[in-house]
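The values are calculated or read from the model by the stated rules, or taken from the named source; none is laboratory data. Remember, predicted model here, so these are calculated numbers, not experimental data. Because the Cβ atoms are built from the backbone with ideal geometry, glycine has one as well, and the counts that use them run over all protein chains shown.
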Amino acid sequence: MIAPSSIIRVSHLVKEFRTPKRAPGILGGLRTLFTREQNVVRAVDGVNFEIAEGELVGYLGRNGAGKSTTIKMLTGILVPTSGEVVVDGLTPWRDRQRNALNIGVVFGQRTQLWWDLPLVESFELIRRMYRMDLPTYRGELDRVVDLLEMGEYLRTPVRQLSLGQRMRGDLAAAILYRPRILYLDEPTVGVDVLAKQRIREFIAEANRADGTTVLLTTHDLRDVERLCRRIVVIERGRILFDGGVDELKTKYSPGRRIVVEVAGLEGPIELPGTEEIRREGSRVWLRFDPTRTPIAPLIGQLTSRYAVTDLTLEEADLEEVVRLIFAEQSGVKP
Amino acid sequence: MALARITLALFAAGVRGQLQYRMNFVIWAAVGIVFQLTGFFFLWALLARFRSIAGWSLEEIAFLYGLRLLGHALTVFFLGGTQLVDWLVREGAFDRYLVRPVPLLLMVVTWFRPSAVGDLLGGIVLFAAASRVVPLDLSLPAVAYLGLAVLGATLIEGGLRLAIAAMAFRFLQTHGILWFVDTIFNNFGNLPLRIFGSAVELLLTFVLPVAFVAYLPASVLLGRTSELTIQPAIAYAAPLVGVIVFGLAYLLWHHELPRYQSSGH
Amino acid sequence: MTLAGFPAMWQFARMEAQTFLTYRVNLGLQLLGILLQVYLLKVVWTAVYEGRTEVDGIALGTLIAYLTLANLQVWAIYPQTAEVLPPRIQSGAIALDLARPIGLLVQLIWRSVGATLGLVALVVVALPLAAVLGSLRPPASPEAASLYVISLLLGYGITLAIGILLGLVAFWTLETHGITILYHFVNQFFAGALVPLWFFPDWLRTVAELLPFQTQAFLPLSIYFGRLVGTDALRAIGVQVVWLVILWLAAGLVWRAAIHRVVIQGG
């Protein structure tokens, strides 16, 4: 039974990429023309999920896990090999243009602005493409310029903008016509901390005030923590986890890490509350759960028992979360 | 129609974008002009010494050349962007265009190539000059046919370029074959094809529709249909061939677009 | 009629770095384009002769053989030096060369000769096809042959200099491919690869004789086909020597000016 307010519905979605097997050399090149042998990669392997209108969902996964491929099928860029995608009643790849009117997309790695022209001209072209009338456009432009503080560089050609400025420009361009759905593909990658903050607030505001449905793919767990209440994790083309952020945190908390250099270390490091996860020579990575084992006494014990020459604290990253979930799902020790 | 206005705005933006690089724009426009004029210069120098080629005088040759140039210039003007398609497909750079509420083909139209300016100038000048010195029938049907013939020429060359670009979604590398087709049209499209003998003339009519671009319409307009190997009626059908070629190319484009695989990222 | 051979060069060069195989294929395609042009010229000129075996003392057979060789020649001795400089200039590697200009020169010539030999090899392979699409004739005499070789080498030296001048343009503008293509069109016409200078209208011939482009095909081949013999041939070679000197001097001057510009602007 589908929830009636589901704006995005994905069922049994599969995408295979076929590349012809390429043998090396001149003869190989010729052979490729005649052979039917292909490398088949299942980038998306039976994905199911539904998103209700107004949700802000984080879509996580390592590189090559199938995140971008899913998004590309949702936005109509790729045609699925099999399965169903319904976005606001439309099939994205078939009703591509109508679907496009409903959505805004930001590709973190690539801009959609007109590279050689002043920023504001990109906005004007968007006004035309999305059939906005002048008064509405002016109102929205002012609002967005204000919120993202772009007034200073509206007249600057996009190619001369910094990464952070350009990213804000892309975000503004995506939201100018108030689409019902926003797809944000790594919108904070490579951007400085301050700009990241501004972008996050902007996204949160769009979701809260306008009820815009947001699907956010990211590598940055902090993006997720600040913005999302629901998370979907994909790995090797399959959904590993689909639930609340809190649930993710409690069930799969990867904790934090201490990296220590110990002089003349022999044997394992014995320290209650910690678990060794990696070792390179005299350098050891230890995992611990800060909610259960307070940091300060732990460090005290470590330095008193071992000849510590260097010590760093690290945040665990997405790799670990995914590894943990994956391990649990397949019953393997991580 | 709203779509027309959108396309116009995007096209204008494309031109403005190219104009940002003043020097580059001028040089490529110059390349366009020189490219076309040098070709004609050859014929001009030749005919300064010799009176005619296969019975076609310098003025008639100029008319033929100008007619083809005009069609070709319009092709490059509107569909010059097709030359970029295979590169964009390999780069996976189409994504940003596919999420816009605009047909992809119209976006291709807006990718302006500065050399088109040169082509267009060369074509207009040559054609205007030639039409003045050639005994042309200026009746309404003739002028209408002329207009349709130019349109047909644009559709033929444009259609072929579109078809080749469409293959890029499947084969990824198409500039080799684009260059080949381009070369054939550039070399054979401006000449009275009868000098090659009927075999080649037929080849360049029914296998690759080069003759329909300028030679056949020019024959019609200059009253030379009797020297054609084919039935004169076919020559009159030149514009129709354009519609057919472009129509097929458009279907191919539509059919191949779903093969787009984007990039790894 | 337009000029096959380098039409999509700007596409190839601009868009991507190529594997060796694609580079070879591109060259093959270009050569095919040249031969297509030769075929075209043969047909057009034959039509224009209207059944006469000779016009202005030029036999049709000789003419077609001339055009075949001229087009192959112009393609083979393409100024490779024009390709080598711009990337170095744009990447800034040229700064290293400022200290050792002679070293740079040697490198330029070395690489150009290497590339040219590759093209010549391809031409040799394509000769049978050239004979079919155009026509091939031996030199008019042993003397003609030896003077031809000298003349050709001088012509090559001239294109090297022109290539350097073209390459140096990169110091002033980013877009060098367009300029190279413009050069190619003008050169092909005034080198006599489409219409031999014998058939130029008088005023145009005067213009052509004031330009260095005729040294690439028309002059050497005039000697080859025995149209220039004895003192006339030597005079032609003399003209080539003069151009050689002028153009290399010019290249040196422009190099100096370019370096000066770099120093002033801080590279």
Only unsatisfied item for C:ASP232, checking (1) within 16 Å of C:LEU69 (Cα to Cα); (2) of a type in the set (D, E, K, R); (3) assigned to a helix (DSSP H, G or I), is (1)
Taking the stretch A:243-300 and keeping residues free of Cβ contacts under 8 Å to residues at least 24 places away in the same chain, among the small types (Gly, Ala, Ser) and surrounded by fewer than 12 Cβ atoms within 10 Å (Cβ to Cβ) leaves A:GLY267, A:GLY281, A:ALA296, A:GLY300
Only one of (1) more than 8 Å from every other protein chain (Cβ to nearest Cβ); (2) under 30 Å from A:ASN99 (Cβ atoms); (3) outside any helix (DSSP H, G or I) is not met by B:PHE78, so which one is it? (3)
Starting from the stretch B:28-43, take each residue that is facing another protein chain (nearest Cβ under 7 Å) and closer than 16 Å to B:LEU58 by Cβ and list its partners that are part of a helix (DSSP H, G or I) and among the polar types (S, T, N, Q), counting only C-beta distances under 9 angstrom and pairs at least six apart or across chains. B:GLY39/B:ASN186; B:GLY39/B:ASN187
Could you say whether any residue in the stretch A:31-49 is within 19 Å of the chain's Cα centre (by Cα) and either within 14 Å of chain B (Cβ to nearest Cβ) or modelled with pLDDT under 90 (or both)? yes
Checking the conditions here, which among C:SER141, C:SER151 is surrounded by fewer than 16 Cβ atoms within 10 Å (Cβ to Cβ), among the hydroxyl-bearing types (Ser, Thr, Tyr) and within 14 Å of C:PHE225 (Cβ to Cβ)? C:SER141
State whether one or more residues within the stretch B:197-205 are buried (at least 21 other Cβ atoms within 10 Å of the Cβ), over 14 Å from the mean Cα position of the chain (by Cα) and either modelled with pLDDT under 90 or β-branched (Val, Ile, Thr) (or both). yes
Considering each residue of the stretch B:168-191, count those that are more than 9 Å from chain C (Cβ to nearest Cβ), surrounded by fewer than 22 Cβ atoms within 10 Å (Cβ to Cβ) and modelled with pLDDT of 90 or more, and give that number. 2
It is to be established whether one or more residues within the stretch A:111-133 are more than 23 Å from B:THR110 (Cα to Cα) and either without any contact (Cβ under 8 Å) to a residue 60 or more places away in the chain or facing chain B (nearest Cβ under 9 Å) (or both). no
Please verify whether the stretch A:141-151 includes one or more residues that are over 28 Å from A:GLY89 (Cβ atoms), assigned to a loop (DSSP other than H, G, I, E, B), away from chain B (no Cβ under 12 Å) and over 24 Å from the mean Cα position of the chain (by Cα). yes
When restricted to B:ALA249, B:ALA233, the only residue more than 24 Å from B:VAL76 (Cα to Cα) and part of a helix (DSSP H, G or I) is B:ALA233
Filter the stretch B:44-57 for residues that are part of a strand (DSSP E or B) and touching a residue at least 12 places away in the same chain (Cβ under 8 Å); the one that is nearest to the other protein chains (Cβ to nearest Cβ) is B:ILE53
Inside the stretch C:73-120, the number of residues satisfying the requirement of being in contact (Cβ under 8 Å) with a residue 24 or more places away in the chain, among the polar types (S, T, N, Q) and either closer than 19 Å to C:PHE213 by Cα or surrounded by fewer than 13 Cβ atoms within 10 Å (Cβ to Cβ) (or both) is 5
Quick one: how many residues across the stretch A:277-309 are at pLDDT 85 or above and among the charged types (D, E, K, R)? 2
Restricting the stretch B:196-205 to residues that are in contact (Cβ under 8 Å) with a residue 12 or more places away in the chain and more than 13 Å from B:SER219 (Cβ to Cβ), the one farthest from the other protein chains (Cβ to nearest Cβ) turns out to be B:LEU202
C:PRO201 vs (1) facing chain B (nearest Cβ under 10 Å); (2) closer than 24 Å to C:ALA82 by Cβ; (3) surrounded by fewer than 20 Cβ atoms within 10 Å (Cβ to Cβ): all pass except (2)
Exactly one of these conditions fails for A:GLY54: (1) over 19 Å from A:PHE241 (Cα atoms); (2) away from chain B (no Cβ under 14 Å); (3) over 19 Å from the mean Cα position of the chain (by Cα). Give me its number. (3)
Can you tell me which residue is farthest from B:LEU10 (Cα to Cα) among those in the stretch B:86-125 that are under 17 Å from the mean Cα position of the chain (by Cα) and not in a helix (DSSP H, G or I)? B:PRO114
Hits in the stretch A:70-110 (condition: in contact with a Ser or Thr (Cβ under 8 Å, 6 or more places away or on another chain), more than 7 Å from every other protein chain (Cβ to nearest Cβ) and not in a strand (DSSP E or B)): A:ILE71, A:PRO92, A:ASN99, A:GLY108
Selection from the stretch B:1-25 of residues that are in contact with an Asp or Glu (Cβ under 9 Å, 6 or more places away or on another chain), among the aliphatic types (A, V, I, L, M) and at pLDDT 85 or above: B:ALA9, B:ALA13, B:LEU19
Which of the numbered conditions does B:LEU74 fail, given that it passes all the others? Conditions: (1) under 24 Å from C:GLN37 (Cβ atoms); (2) under 16 Å from the mean Cα position of the chain (by Cα). (1)
Subset of the stretch B:1-24 [facing chain C (nearest Cβ under 9 Å), assigned to a helix (DSSP H, G or I) and under 15 Å from B:PHE112 (Cβ atoms)]: B:ASN24
